[in-house]
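The values are calculated or read from the model by the stated rules, or taken from the named source; none is laboratory data. Keep in mind it's a predicted model, so treat the numbers as computed, not measured. Glycine also receives a Cβ, built like all others from the backbone with ideal geometry; neighbour counts cover every protein chain displayed. For the accessible areas, the whole protein counts, side chains as well, though only heavy atoms, and no ligand, DNA or RNA atoms are used. Shrake-Rupley method; radii C 1.70, N 1.55, O 1.52, S 1.80 Å.
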Amino acid sequence: MDLTYIFQQVLNALSLGSMLALLAVGYTMIYGVLGLINFAHGEVFMIGAFTAMYAITGLGFPLPIALILAIIASVLAGVLLERFCYRPVQGSGDITLFITSLAASIGIRSLFVMLFGSRSMQFPMPKYLQGIRFWGDILITDLNLIIFVFTVIITLILSFFIKNTKLGIAMRGVSYNKQTAEAMGINSTSIIVATFVIGSALAAVAGVAWGLQYGNVRPAMGYHPGISGFIAAVLGGIGNISGAAISGFLLGVGQVLFVAFLPSVYSGFRPLFVWIVLFIILFYKPTGLFRSNIKWE
Amino acid sequence: MAKDSNNKNLLTLENIESGYGKVKVLHNVSLKIKEGQIVTIVGANGVGKSTTIKTILGLIKPSSGQIKFKNELINSLETYKIIAKGIGYSPEGREVFGNLNVYENLRIGAYTVSKDDFTKRLEEVYQLFPRLKERKNQEASSLSGGEQQMLAIARALMQDPDLLILDEPSLGLAPIIAEEIFNRLAEINQMGTTILLIEQNVNLALHLSDHAYVMEKGKFVLDEKASILAQNDYVKKTYMGIA
Ligand SMILES: Nc1ncnc2c1ncn2[C@@H]1O[C@H](COP(=O)(O)OP(=O)(O)O)[C@@H](O)[C@H]1O
Ligand SMILES: [Mg+2]
């Protein structure tokens, strides 16, 4: 177990870390404006992946077009979720919102199992992404690098947007106090919708990245990444965009290293890592999942 | 000040009933504010002053009665649309966005106006409250109570409203700071903004105002020129602690 090995594992984890970062940013933004853990976010991610898969294998579109279609489908899913699941129960308390979002998550997943079956379906990878390169003994795939760079760019643009634009400032204002924001002339409903649009678009990108990286999609694919993204959002401090992104990366790397140091029969235990992290968070800060001063950064 | 005789009504409430769910708080409340006036509502804690404001702003909907702003019925409008018609609001307890800096708070205050108007207005508001300009990059939560109140007022002024509504701007402030704030309000009014003020500091408020209402248990029990109310024995005894 030498340094090269560890470094190799970290590089392998770049794409997983990126996907979790993208998911965590969506979680944290939506939690910010709605005070809601959107458990169906993993399903929005899955819908993006499915759409891209179908656009490529069923309709024969190239990957970039498939990515755009995936974003459209996920955004639509996110907006419909907000409109028909979350808006009707707004203001009815934490537990109601919690259960509604859990139900939405299970409902969408079950619907996809009904439509497509529960098995994995292949997600084709275009030739131009299949390259690998060596740095000395260390191997890195082009896909890993591209996903990572893409994620960093998206996160930086988003941070700039949240920090500097009128809409970004309004999002932070609504997160802090919805009623006061309304009393300043902000239509908080449209701000919430805008937040779902952004969060869902990020989830679609993560979903397509997932399909490319692991080569398949299935209805339950959103479950573990969803939980991990959510935990990363909590770790990063709810409402903290860069914190969520960095925590997402760390959690991805942590998961990969966790199994890298266990004998290979335990490789199926990768998701256990996030549960351990969650356990530790809850142990030290039992209220950590729900209470936080929203302070978007 | 002879502003109260000929001018048009800017805001009128007619026979408003309002409250929270089944709990009725306001009973048959009627009020009139003419353009250019400063009107004050005084009254003890919990009588329904803030509820009156929240009803005007559409944060809660009246169960009966009419609210007109600039002669237009606004009862059933959403809050953000009512604000966009030209109302600035400084809430009780200030409620600045603690996670945003001073500049960003003001940007939100100007949410309904164009970028150009925002830039122009920002300078005017900074002139009125130079302290805010010095602290423009400071997070609102780190300001003192007086500064937060100035920010709340400045934020409400950002869209250059026709009507400025202030809910207890002197609450919890040292007397000298409260006085400074009241001096600013007089300036703001002289520049043409109509003001509806809720205040427990009855002495300061009546000196500043043209007209005042006294609220008890969700009803207006007195409705008079402020200068006359200031001489009223009942008001002196009950609200100004003068026997
Ligand atoms: N959000 C609310 N829900 C239920 N009752 C409320 C709410 N806010 C205020 N009240 C009640 O309405 C009455 C009037 O309150 P309020 O208008 O805030 O009084 P004031 O501003 O004059 O001190 C009080 O009895 C108060 O308890
Ligand atoms: Mg009050």
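How about region B:31-51: which of its residues are more than 20 Å from B:Leu204 (Cβ to Cβ), more than 7 Å from ligand 1 (Cβ to nearest atom) and not in a loop (DSSP other than H, G, I, E, B)?
B:Leu31, B:Lys32, B:Lys34
Taking region B:233-243, which residues are over 15 Å from B:Gln200 (Cα atoms) and assigned to a helix (DSSP H, G or I)?
Across region B:233-243, the qualifying residues are B:Asp233, B:Tyr234.
For region B:90-129, give me each residue that is closer than 19 Å to A:Gln179 by Cβ, touching a helix residue (DSSP H, G or I) at 6+ places or on another chain (Cβ under 7 Å) and open to solvent by 20 Å² or more (accessible area, probe 1.4 Å).
Once the filter is applied, which keeps residues that are closer than 19 Å to A:Gln179 by Cβ, touching a helix residue (DSSP H, G or I) at 6+ places or on another chain (Cβ under 7 Å) and open to solvent by 20 Å² or more (accessible area, probe 1.4 Å), region B:90-129 yields B:Glu92, B:Arg94, B:Glu95, B:Tyr111, B:Thr112.
Going through region B:30-43 one residue at a time, which ones are within 16 Å of ligand 2 (Cβ to nearest atom) and either more than 17 Å from the chain's Cα centre (by Cα) or polar (S, T, N, Q) (or both)?
Scanning region B:30-43 gives a single hit, B:Thr40.
Just to be sure before I move on: is B:Arg121 within 12 Å of another protein chain (Cβ to nearest Cβ), assigned to a helix (DSSP H, G or I) and in contact with a Leu (Cβ under 9 Å, 6 or more places away or on another chain) in the structure I sent?
On the way: within 12 Å of another protein chain (Cβ to nearest Cβ): no; assigned to a helix (DSSP H, G or I): yes; in contact with a Leu (Cβ under 9 Å, 6 or more places away or on another chain): yes.
Here the answer is no, as B:Arg121 does not meet what is asked.
Would you call A:Gly199 touching a His at 6+ places or on another chain (Cβ under 8 Å) and within 29 Å of B:Glu139 (Cβ to Cβ)?
Values: touching a His at 6+ places or on another chain (Cβ under 8 Å): yes; within 29 Å of B:Glu139 (Cβ to Cβ): yes.
In short, yes.
Could you grab the pairs with beta carbons closer than 8 Å, sequence gap of 6+ or different chains, first residue in region B:219-232 and assigned to a helix (DSSP H, G or I), second one open to solvent by 80 Å² or more (accessible area, probe 1.4 Å)?
Going by the 8 Å Cβ cut-off, the qualifying pairs are B:Ala226/B:His207.
Go through region B:140-179 and report how many residues are acidic (Asp, Glu), assigned to a helix (DSSP H, G or I) and either open to solvent by less than 30 Å² (accessible area, probe 1.4 Å) or under 24 Å from B:Glu104 (Cβ atoms) (or both).
Of all residues in region B:140-179, those acidic (Asp, Glu) come to B:147, B:160, B:162, B:167-168, B:179.
From what's left, assigned to a helix (DSSP H, G or I): B:147, B:179.
Filter once more, so that each one left must be either open to solvent by less than 30 Å² (accessible area, probe 1.4 Å) or under 24 Å from B:Glu104 (Cβ atoms) (or both): B:147.
Counting residues in region B:140-179 that are acidic (Asp, Glu), assigned to a helix (DSSP H, G or I) and either open to solvent by less than 30 Å² (accessible area, probe 1.4 Å) or under 24 Å from B:Glu104 (Cβ atoms) (or both) gives 1.
Checking the condition closer than 18 Å to A:Thr189 by Cα, of a type in the set (A, V, I, L, M) and in contact (Cβ under 8 Å) with a residue 12 or more places away in the chain, which residue from A:Val89, A:Val113, A:Val75 passes? Before you say what the answer is, go through the steps one by one.
Numbers: A:Val89 fails: in contact (Cβ under 8 Å) with a residue 12 or more places away in the chain; A:Val113 fails: closer than 18 Å to A:Thr189 by Cα.
After applying the criteria, what remains is A:Val75.
For region B:52-74, how many residues are more than 9 Å from ligand 1 (Cβ to nearest atom) and of a type in the set (Val, Ile, Thr)? Write out each step before concluding.
Residues of region B:52-74 more than 9 Å from ligand 1 (Cβ to nearest atom): B:55-59, B:61-74.
Then drop every residue that is not of a type in the set (Val, Ile, Thr), which leaves B:55-56, B:67, B:74.
Going through region B:52-74 one residue at a time, the tally reaches 4.
Take the residues in region B:52-67 that are open to solvent by 40 Å² or more (accessible area, probe 1.4 Å) and part of a loop (DSSP other than H, G, I, E, B), then tell me which one is farthest from the other protein chains (Cβ to nearest Cβ).
Initial filter on region B:52-67 (open to solvent by 40 Å² or more (accessible area, probe 1.4 Å)): B:54, B:59, B:61, B:63-64, B:66.
Adding the requirement that they be part of a loop (DSSP other than H, G, I, E, B) leaves B:59, B:61, B:63.
Values: B:Leu59: 6, B:Lys61: 13, B:Ser63: 19 Å.
If we take residues in region B:52-67 being open to solvent by 40 Å² or more (accessible area, probe 1.4 Å) and part of a loop (DSSP other than H, G, I, E, B), then B:Ser63 is farthest from the other protein chains (Cβ to nearest Cβ).
Restricting to region A:229-257, count the residues that are small (Gly, Ala, Ser), open to solvent by 20 Å² or more (accessible area, probe 1.4 Å) and away from chain B (no Cβ under 14 Å).
Quick first cut of region A:229-257, residues small (Gly, Ala, Ser) only: A:229, A:232-233, A:236-237, A:239, A:242-245, A:247-248, A:252, A:254.
Applying the additional criterion that residues be open to solvent by 20 Å² or more (accessible area, probe 1.4 Å) yields A:237, A:242.
Now drop any that are not away from chain B (no Cβ under 14 Å), which leaves A:242.
Residues meeting the conditions: 1.
Within region A:58-71, does at least one residue satisfy the condition of being in contact with a strand residue (DSSP E or B) (Cβ under 8 Å, 6 or more places away or on another chain), under 30 Å from A:Ile153 (Cα atoms), open to solvent by 30 Å² or more (accessible area, probe 1.4 Å) and part of a helix (DSSP H, G or I)? Spell out how you get there, then give the answer.
Taking region A:58-71 and keeping what is in contact with a strand residue (DSSP E or B) (Cβ under 8 Å, 6 or more places away or on another chain), we get none.
No, every residue in region A:58-71 fails to be in contact with a strand residue (DSSP E or B) (Cβ under 8 Å, 6 or more places away or on another chain), under 30 Å from A:Ile153 (Cα atoms), open to solvent by 30 Å² or more (accessible area, probe 1.4 Å) and part of a helix (DSSP H, G or I).
Taking the conditions exactly as written (away from chain B (no Cβ under 14 Å) and over 13 Å from the mean Cα position of the chain (by Cα)), does A:Val205 satisfy them or not? Before you say what the answer is, go through the steps one by one.
Details: away from chain B (no Cβ under 14 Å): yes; over 13 Å from the mean Cα position of the chain (by Cα): no.
Considered against the rule, which asks whether it is away from chain B (no Cβ under 14 Å) and over 13 Å from the mean Cα position of the chain (by Cα), A:Val205 comes out as no.
Mind listing whichever residues of region B:186-215 are within 16 Å of ligand 2 (Cβ to nearest atom), in a helix (DSSP H, G or I) and within 17 Å of B:Ile165 (Cβ to Cβ)?
B:Ala205 - this is the single residue of region B:186-215 that is within 16 Å of ligand 2 (Cβ to nearest atom), in a helix (DSSP H, G or I) and within 17 Å of B:Ile165 (Cβ to Cβ).
Being more than 13 Å from A:Gly226 (Cα to Cα) and of a type in the set (Phe, Trp, Tyr) is the filter; apply it to region A:1-31 and report the residue that is most open to solvent (accessible area, probe 1.4 Å).
A:Phe7
What pairs can you find where one residue is in region A:187-202 and within 14 Å of chain B (Cβ to nearest Cβ), the other is among the basic types (Lys, Arg) and open to solvent by 10 Å² or more (accessible area, probe 1.4 Å), and their Cβ atoms are less than 7 Å apart, with a gap of 6+ or different chains?
Correct list of pairs: A:Ser188/A:Lys178.
Could you give me the residue pairs with C-beta distances under 7 Å whose first residue belongs to region B:154-170 and is away from chain A (no Cβ under 12 Å), whose second residue is outside any strand (DSSP E or B) and within 16 Å of ligand 1 (Cβ to nearest atom) wherever it lies, and which are 6+ apart or on separate chains?
Every condition considered, the pairs that remain are B:Glu168/B:Glu92; B:Glu168/B:Glu199; B:Glu168/B:Gln200; B:Ser170/B:Glu199; B:Ser170/B:Asn201.
Looking only at region B:80-89, count every residue that is open to solvent by 10 Å² or more (accessible area, probe 1.4 Å) and away from ligand 2 (no atom under 16 Å from the Cβ) and tell me the total.
The initial filter retains those residues of region B:80-89 that are open to solvent by 10 Å² or more (accessible area, probe 1.4 Å), namely B:80-81, B:84-85, B:89.
Narrowing the set further to residues that are away from ligand 2 (no atom under 16 Å from the Cβ) leaves B:80-81, B:84-85.
Residues in region B:80-89 being open to solvent by 10 Å² or more (accessible area, probe 1.4 Å) and away from ligand 2 (no atom under 16 Å from the Cβ): 4 in total.
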